[in-house]
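The values are calculated or read from the model by the stated rules, or taken from the named source; none is laboratory data. Note that the structure is a prediction, hence the values are computed from the model and not measured. Glycine also receives a Cβ, built like all others from the backbone with ideal geometry; neighbour counts cover every protein chain displayed. Side chains are part of the model used for accessible areas, which takes the heavy atoms of the whole protein and leaves out ligands, DNA and RNA. Shrake-Rupley method; radii C 1.70, N 1.55, O 1.52, S 1.80 Å.
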Amino acid sequence: MTQGSGPVFGARPGSNGTRFAIWSGAAERAWLCLFDEGGEAETGRIELTRNDASTFCADIPNLFSGDRYGIRMDGPFDPTVGHRFDPSKLLVDPYAYKIDRPFAYDPRLASPREANIDTAPMVPKSVVTTLPEPKKLKKPSFVPGGLIYELNVRGFTMRHPEVAAPVRGTVAALAEPAILEHLQRLGVGAVELMPIAAWIDERHLPPLGLSNAWGYNPVAFMALDPRICPGGLEELARTTECLQEAGISVILDVVFNHTGESDDQGPTLSLRGIDNAAYFRHTRDGIPINDTGCGNTLACDRPIVRQLILDSLRHFAIYAGVDGYRFDLGPILGRSEYGFSRNATLFAEMAADPILSTRIMIAEPWDLGPGGYQLGGFPDLFLEWNDRYRDRVRKFWRGDGHMLGETATALAGSSDVFSGDATRTVNFIAAHDGFPLADLTRYAHKHNDPNGEDNRDGHNDNLSWNHGVEGSTEDESILVARRKDVEAMLAMLFISRGTIMLTAGDEFGRTQHGNNNAYAQDNETTWIDWENRNLRIEQTARSLSAIRQAVKALHETEFLTGERDETGLLDVEWIGPDGLALKPPQWESQDGDTLGMLIRDETGCRLAVLVSRSRQDIDFKLPSREGHAWTDTDDRRIGVACRSVRIVQEMRHISNTSQ
C-alpha cells in the first residue's frame, strides 16, 4: 500500500481492524496507546514493531473507526544533538485525520523527562477515521488575475446576524446563503481560509487571558481544528462544494514552516517526541533554528518531512476537493542547510505531482532566516504575495515623494520583481497581518496594548496616516477624507495588473482600533462587525469589482509594457492632466500627485484610470482619437475630485447618419 510515493502512515482502518504505522529514524521503542470513548482512560498499550525502513507498525484487530489513540516513543534524550524522546509524553499522530478536542497549552507539556509526568490527560487523542470516497477533482474555476478574498473563518461570521448561531464561526457558516450572496456580489473568485488545521496557543497567551485567533501555530497538519471545523473533513468538503457551485474556489492557508512545539522550552506534542532531530533544524549544539520567529523550523528538504507535507496537501485536495494552498513563510519550503533554492526538491515534487500541479499555489515569499526575502524568486508554479506593491500604494497615498514611477510599475504588474511574459504577483494593500485597510487612514501608530506585550509587538512602520486625529473622531470632514482614501486605494487595487487580494471586511471599512498584530484577539477586535459596516464603501468595492470583471484588460496577467498592437495602439499610456505623455521630469518629480493610465482593452478601445492624490480637484484632458469618444464628456475634460481615482471608458463613435 502506498500514499503518494511512500508508505501509508497513521491509522488505516479496515474490516478486520486497523493497520498502524509511524516513522522514526532514532526512536528505539514505540507504543500505540488505546483510550476509552471519552478519551480519558488508557485502556491498552501495544508495542509496535520496527522494520528496516525505520517504520514502527502493527496490525491491531480491536481498533476501528471512531476509536481514540495516542503514541508514545522512547529513545535517547540528548538535546545537544536534538533527541528529546520521552515515553511519558503522549503524542498526536502526525497522520491523524481527526482529533477529539482542541489543543490547550499546559506547562506540564514541557516538563523535563526526569519529571515523568504523564501528559495523556492534557493532550487531544487521535481518532481512527475512515476516509470518504475521493473527490472527482476539477480544474479550479479561479485563474490568476481574479480576486482572492482572505478570511479568518472564526472571526468572519461570529457576529453575522443572518448566520444561524450554532454555526457562527465555523467552516460550515461559509456555505450560508447570506455569506455566499455577499461573496458573489463582491465578485470573489476564491476564498483564502486562514489556517484551519489543529493549532495550540503560544505559551505566553493563557496567563494573559488571550488565545490565538489566527491559527498560525499548528500541531497536526491533517486534523482540522474542532473549534472551527467541528464536522471535520465532511464539513470542509460540503462547504467547499457549496462555494465551488457558487463559482468560488477554496484556497487553504497552510503552515509547513514550524509547529506549535516552539523552542527548546516548548511543549512536546507530536513531531518533537517522534523524532525531533529529523523533523526540525538545529544548530550544532542542538538549539532549534528559528528561521520562522516561532521557535522552531521544519526541515523541509528531508524526505520524511517532504512526504508529510505532500501527503497533507494531497489529502485536502483528494478528500475535500480544495482548489489550492497559500504557504505561510514560503521560503522555508525551499530551505536546506545551504539556504533557499527555487530548485528545491519539494518544489519539484509539487510540480511533478499529478494532483498538486493542478492546484493554485501561492507563496508568502519571505521568512526570518538568512536570505529570507525571496519575492520574485519562487518557481513558476507559484503566485506570490507582493509586499512591494503594498508598500508602494501605501506610500503614494500617504503623500511620499518621488512615487509616480514606482506606482506605475506596481499598477502594470511589477515587472521589476517578476520575469517572463506574465506576472505572478498577488497585489494587496492590507492583509490579516498589519492594519486593516481603513485603519491605514485612521492611525499613524500601532496600538497593540491589548496584546499584553507593552506595545512592543507588531510592525512599527505601517506607512499609515491619520488625517490629523489618531483614531476615532466625530469630525465629519476627517471622516469624509478617510472614506475617500479607502475608496481610492480600493480603486487602485482593482485596476492593477495581476491577481488581487482583499481581506474580509476591508470592502466596508472594518477596524481593529489600531491593533496591527491582532493574532491574540479572539474577540470583537477580529470578529467582523457586519451590522455597522460602511455601506457606501461596500458599494464602491462592488462597483469596482464589476468593472474589473467586465473589462478583460483589467484581469489579465501579461505585463503592461507600452507595446503597440497592429493598429498602433499602445497597451498602456501614461499621461499627465494635460493629456500628454509623461516626460522624465514629471516621472521624477518630488511632488508628483497625478497619474493617468490609459489601458487598451480587448475591443480596441481604451480605459482611462485617472489617479489624483492632490488636495485639490484636478481636470484631466483625455487624448482624442478619430472615431472614438470618452463617456461622460463632450470636450474630453474629465474632473477628478481631490484624492480619488476615476475610471472612464472610451467608446467607438456611433454615427446617426442613415445608411
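A few comments on the model shown:
- Degrees separating the helix 476-494 axis from the principal Cα axis of the chain, which is the longest one: 80 degrees
- Length gained on full extension, S614 to E181: 152.2 nm, using 0.36 nm per residue less the C-alpha separation.
- Å² of accessible area per residue within the stretch 392-469, as computed with a 1.4 Å probe and no ligands counted: 36 Å²
- Distance between the C-alpha centres of the stretch 547-581 and the stretch 333-350: 37 Å, rounded to the whole angstrom.
- Solvent-accessible surface of the stretch 503-659, averaged per residue with a 1.4 angstrom probe and all protein chains in place: 50 square angstrom.
- For the stretch 462-470, the Karplus equation 6.51 cos²θ - 1.76 cosθ + 1.60, evaluated at θ = phi - 60°, returns couplings of 9, 6, 10, 8, 10, 6, x, 9, 7 Hz by residue, with Gly and Pro reported as x.
- Near I575, the amide H atoms lying under 5 Å from its own belong to L582, G596, M597, L598; only residues 5 or more places off or on other chains count, and H is placed 1.01 Å from N.
- Solvent exposure of the stretch 197-291 as accessible area per residue, Å², 1.4 Å probe: 30 Å²
- Taking all pairs of distinct alpha-carbon atoms in the stretch 239-298, Kirkwood radius in angstrom: 13.3 Å
- For the chain: relative contact order, % (alpha-carbon pairs under 8 angstrom, 6 or more apart): 11 percent
- Extension gain from R29 to T130, taking 0.36 nm per residue of separation minus the Cα-Cα distance: 33.7 nm
- Computed from Cα atoms, the angle from the helix 387-398 axis to the main principal axis of the chain rounds to 40 degrees.
- Looking at the chain alone, DSSP beta bridges between its own residues are antiparallel in about 70 percent of cases.
- Mean shadow area of the chain over all directions, Cα convex hull, nm²: 32.3 nm²
- In order along the stretch 153-160, the Karplus-derived 3J(HN,Hα) couplings, from 6.51 cos²θ - 1.76 cosθ + 1.60 at θ = phi - 60°, round to 3, 5, x, 5, 10, 4, 10, 7 Hz, and Gly and Pro are given as x.
- Paramagnetic label reach from E241 (point 7 Å along Cα→Cβ; backbone nitrogen cut-off under 19 Å): within the stretch 129-164, residues 130-141.
- Cut-off under 5 Å, modelled amide H: who pairs with V322 long-range: A317
- Mean Cβ count within 10 Å, highest first, over the residues of peptides 16-28, 584-596, 350-362: 16-28, 350-362, 584-596
- Our note on the geometry: Cα centres of the stretch 68-99 and the stretch 163-234, 27 Å apart.
- Taking GluC sites (Glu not before Pro) across the stretch 592-655, the ones in a DSSP loop with at most 13 further Cβ atoms lying within 10 angstrom of their Cβ are E602, E626.
- Whole-Hz couplings from phi, Karplus 6.51/-1.76/1.60, listed for the stretch 561-572; x for Gly and Pro: 10, x, 6, 8, 8, 5, 8, x, 7, 6, 6, 8
- Compared with the dominant principal axis of the Cα atoms in the chain, helix 232-245 is inclined by about 20°.
- Amide H to amide H distances under 5 Å link K98 with V127, where only residues 5 or more positions off or on other chains count and H is placed in the peptide plane.
- In the chain, the portion of solvent-accessible area held by carbon and sulfur atoms comes to 48 percent [1.4 Å probe, whole percent, DNA, RNA and ligands not counted].
- Area accessible to solvent at K552, 1.4 Å probe radius, in Å²: 100 Å²
- Relative contact order of the stretch 312-392, pairs being alpha-carbon contacts under 8 Å that are 6 or more residues apart, as %: 30 percent
- With all protein chains in place and ligands, DNA and RNA left out, the 1.4 Å accessible area ranks H204, H628, H182 as H204, H628, H182, largest first.
- Efficiency of FRET between L208 and I289 - r from beta-carbon atoms, R0 25 angstrom, step 0.05: 0.40
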